[in-house]
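The values are calculated or read from the model by the stated rules, or taken from the named source; none is laboratory data. None of the values given here were measured: they were computed from a predicted structure. Cβ placement follows ideal geometry from the backbone for every residue including glycine, while neighbour counts extend to all protein chains displayed. With ligands, DNA and RNA removed, areas are computed over all heavy atoms of the protein, side chains included. Shrake-Rupley method; radii C 1.70, N 1.55, O 1.52, S 1.80 Å.
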Amino acid sequence: MYYLGVDLGSLSCDAVLLDHDGGVLASSVVLTGARNREAIAKATDAVLRLAGITEDQIRATVSTGYGRDRVEKRLAAVTEITCHARGIKSLFGGAQILIDIGGQDSKAVRLDPNGQVIDFAMNDKCAAGTGRFLEAMARALQVDIEELADLDLGASGNVTLSSMCTVFAESEVVSLIADGVEVREIVSGLNRAIASRIVALVRRVAPMSNGLSIAMSGGVAHNSGVVRALSQAFETAISVPPKPDTVGALGAALIAREKYARQS
Amino acid sequence: MPQGKIHRVGHACSYTPTALIHAAGFTPYRVLPVGDSPDRAGQLLHDNLCPHAKRILDRAMDEDLPDLDGMVFMNCCDAMRRLSDAWRTVRPKQGVVLVDLPVSPTDTSVSFFAGELTRLAQTLQEWSGQSFTSADISSSIDAMNEMAELLKEISKRARKGTLVGGSSRLQGLFNRGATEPLGQTMELLRSAVGAAERRPTAQNGVPVYLFGNVLPEPEAFAHFESCGVHIAGDSVCTGLRAFNRIGGGNSEDVFWRLARGLLDGPRCPRTFHPSQPGKIAEEVLAEAQACQAKGVIGYTMKFCDPYMSRLPGIRDALREAGLPLLLLDGDCTLRSIGQQRTRIEAFAEMLR
């Protein structure tokens, strides 16, 4: 018996397939694009192929992400807040704060010792500090988004960006380039700007975050520069799983397994 | 005043003395921030002003209103005062009155407010061309009280989950009570109270207490329920708070009675007792606990200064009591409620 979690996000569609015991058999990440049903099919087909099973062997599917209602044949649709919390609990059981920075929004989630959500805060009204924001900045700097991760290394950290609005920040980056500011200084400034925004978000759920264990999920966690800036801002190490973008789908698959067990 | 036609006087705040408007022979018509009038109020009002005030002005600019013989504004906040100024610009030929509303229910404030209501009565007489007596006002208070009692009973059923049509139907009835002639509304409400109750199927949702300012769209309540919450109690100014029973039937001065009744009614954040400025937090907590809510949703308008000043106290009181709080800010459009879907669903999941 197998369990599937599908996370249909704004930038990527992720799938995780679990076996009967809850072990991860396969995971996939595909671009969502304009046709989200196609993205769901691609992500699902990929995990089925990797695991060597057929769709009819899946006992339960739980969907999450902004497009969770678009997933057919689902046992339930669960919000990404609950799914990321469930996923991170299985990876870092002691996490007390979860930071999820996705393609188009960011979230701070406070967890109790059992991994249950006790408070959360979301920024979903603008793309500041999200994957879309980083894409725009990479474009302005004429680098691939993956290259951004270590471009801040060796920076003195004396460049500060005054705006986090994606449009204004892009203009500011262009101006800094025109002024001859080094790329590593600009990237360092971008990372610190994202971190300061996330600190404010976390303060809403944990006014005193000192000493709390922090984990991170979502695609932006692949960017080690952002993670470094967050670590400095919180003055603590941030736990990041090897595949941070599939944490929501993992949580969804775990919930699918639990729900199926309860129903049977 | 010509007979055979409904004569309406508009208003925009739950502190408006609707019984006085009724006694003057008018139908009180609350200009609710609803509809799809184009967003044009920004021509006259600042971008960062309360969307409630702007939406009302949008309706006036779009002529999306029935004929009004006049407009009564309560001086309840800066946004409403600015709205009254802008209204005079948009409708220069219409009678407009701004009634000062004290912030506290002390005896001095009640006396002052009674004076304001006396002044309003004179204005209403000028608009209608006919006089009315204290006995007329008492009679209108009684009629409005009856409507308030009926709505309270229907509201209880909705909160228990036994009202056919649920919370969205209840909001529809509140809206009709706020805009239609009293006789028609009373007939409808009596019929609703006399109808059989349904089994409480809506109880599948997690019980929450809702507080805030304006939420007049019936669809908004259906949306809340579709996200997995059941509104077990509420205090919003487009709901029961706008239909407050006026007590003091033995009072000799009917204006004083009305002033006392309005200022002693369910509190909105712009009204407080000087000795207990943070009492609204205790009231929200007490009401949430009374309806056995597992969490509290605060739905307030963006840029609402009175609420912004009270929310920290409310948040602290709920946190100390262990009641989770979800704060949502709205802009008087259903679109903004749709965007909140993930938050409301996640809140319901958290409370389960």
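Our summary of shape: the Cα atoms of chain B have principal axis extents of 59, 46, 43 Å, ordered from largest down, in whole angstrom. The value of relative contact order for the range B:269-352, using C-alpha pairs under 8 Å at least six residues apart, is 32 percent. Summing +1 for each Lys or Arg and -1 for each Asp or Glu among the other residues whose beta-carbon sits under 9 angstrom from that of B:S14 gives +2. Distance between the modelled labels on B:Q122 and A:C126, one decimal in nanometres: 5.0 nm (7 Å Cα→Cβ projection).
Could you sort B:K302, A:K107, A:K73, B:K156 by accessible area so the largest value comes first, with the probe set to 1.4 Å?
So the residues, ranked largest to smallest area, are A:K73, B:K156, B:K302, A:K107.
Database remark: amide H of B:T27 closer than 5 angstrom to the amide H of B:H7, B:R8, B:V9 (H placed geometrically; neighbours at sequence offset of 5 or more, or on other chains; Pro and chain starts carry no H). Here's the picture: a label point sits 7 Å out from the Cα of A:Q57 along the beta-carbon direction, and within the range A:21-45 the residues with their amide nitrogen under 18 Å of it are A:21-28, A:43-45. The GNM of chain B, with springs linking C-alpha atoms under 10 angstrom apart, assigns the highest mean-square fluctuation among B:P92, B:P17, B:P66 to B:P92. Restricting the range A:12-58 to trypsin sites (Lys or Arg not before Pro) that sit in a DSSP loop and have at most 14 other Cβ atoms within 10 Å of their own Cβ leaves A:R35.
If you wrap a convex hull around the C-alpha atoms of the range A:128-260 and split its volume per residue, what is the figure in Å³?
125 Å³
Tell me, what is a quarter of the convex hull surface for the C-alpha atoms of the range B:200-351, in nm² with one decimal?
If you wrap the Cα atoms of the range B:200-351 in a convex hull and average its projections, you get 10.3 nm².
Grab every C-alpha pair in the range B:85-154, bin the distances at 5 angstrom width from 0 up to the longest one, and report whole percents. Values per bin, smallest distances first: 3, 13, 14, 16, 22, 18, 12, 3, 0. Cβ-Cβ distance of B:A286 and B:A195, R₀ of 41 Å, FRET efficiency by 1/(1 + (r/R0)^6): the value works out to about 0.85. Each 5 Å bin, from zero up to the one with the longest distance, holds this percent of the alpha carbon pairs of chain A: 1, 6, 14, 17, 17, 15, 12, 9, 5, 2, 1, 0, 0, 0. Summary value for chain B: 19 percent relative contact order, contacts being C-alpha pairs under 8 angstrom separated by 6+ residues.
Expressed in nm to one decimal, what extension gain is obtained for the pair A:S171 and A:A261 from 0.36 nm per residue of sequence separation less their Cα-Cα distance?
27.1 nm
With equal scatterers on the alpha carbons only and no solvent term, can you work out the Debye log10 of I(q)/I(0) for the range B:8-133 at 0.12, 0.15, 0.16 1/Å? Relative scattering, expressed as log10 I(q)/I(0), comes to -0.44, -0.68, -0.77. Hydrophobic long helices, here whole DSSP H runs in chain A with Kyte-Doolittle means of at least -1.0 and Cα atoms spread over 20 Å or more along the helix axis, are found at A:36-51, A:183-205, A:247-263. Distance between the modelled labels on B:H46 and A:S162, one decimal in nanometres: 2.2 nm (7 Å Cα→Cβ projection).
Phi-derived couplings, Karplus 6.51 cos²θ - 1.76 cosθ + 1.60 at θ = phi - 60°, listed residue by residue for the range A:154-164: x, 6, 7, x, 9, 9, 10, 8, 8, 10, 10 Hz, with x used for Gly and Pro. Note on chain B: with a GNM built from Cα contacts shorter than 10 Å, the maximum mean-square fluctuation among B:L258, B:L325, B:L215 falls on B:L325. Taking amide H positions as modeled 1.01 Å from N, with prolines and chain starts lacking one, the residues under 5 Å from B:G295 and 5 or more places away or on another chain are B:Y209. Full extension of the segment from B:F112 to B:K160, taken as 0.36 nm per residue of separation minus the current Cα-Cα distance, would add 13.3 nm.
Normalised Debye scattering of the protein assembly as shown at q = 0.12 Å⁻¹ gives log10 I(q)/I(0) of -1.20, counting only Cα atoms as equal scatterers and leaving out solvent.
Annotation for B:E187 and B:D316: the two label points, set 7 Å from Cα along the Cα-Cβ direction, are 5.3 nm apart.
Couplings 3J(HN,Hα) of the range B:145-159, computed from phi: 5, 5, 4, 4, 5, 4, 5, 5, 5, 5, 4, 4, 5, 4, 5 Hz, in residue order, whole Hz [Karplus 6.51 cos²θ - 1.76 cosθ + 1.60, θ = phi - 60°; x for Gly and Pro].
Kindly state, to the nearest 0.05, the FRET efficiency for A:R37 paired with B:V103, given R0 = 41 Å and r defined as their beta-carbon distance. Spell out each step's value before the answer.
Working: r = 55 Å, r/R0 = 1.35.
With a Förster radius of 41 Å, E is 0.15.
Across chain A, Cα pairs under 8 Å and at least six residues apart give a relative contact order of 25 percent.
If one computes P(r) from the Cα atoms of the range B:118-190, what percent of pairs lie at distances over 21 Å?
Numbers: 1054 of 2628 pairs.
Distances greater than 21 Å cover 40 percent of the Cα pairs.
Here the 3J(HN,Hα) profile of the range A:23-34, calculated from phi with Karplus coefficients 6.51, -1.76 and 1.60 at θ = phi - 60°, is x, 6, 8, 7, 9, 8, 9, 10, 6, 5, x, 8 Hz, Gly and Pro shown as x.
Exposure check, 1.4 Å probe, all protein chains in place: B:D305 carries approximately 100 Å² of accessible surface.
Counting only DSSP H runs of at least 4 residues, each contributing -39500 (n - 2.57), and dividing by the residue count of the protein assembly as shown, the helix-based mean residue ellipticity at 222 nm comes to -14500 deg cm²/dmol. Note on the range A:142-186: along the principal axes its Cα atoms extend 24, 22, 18 Å, ordered by decreasing extent.
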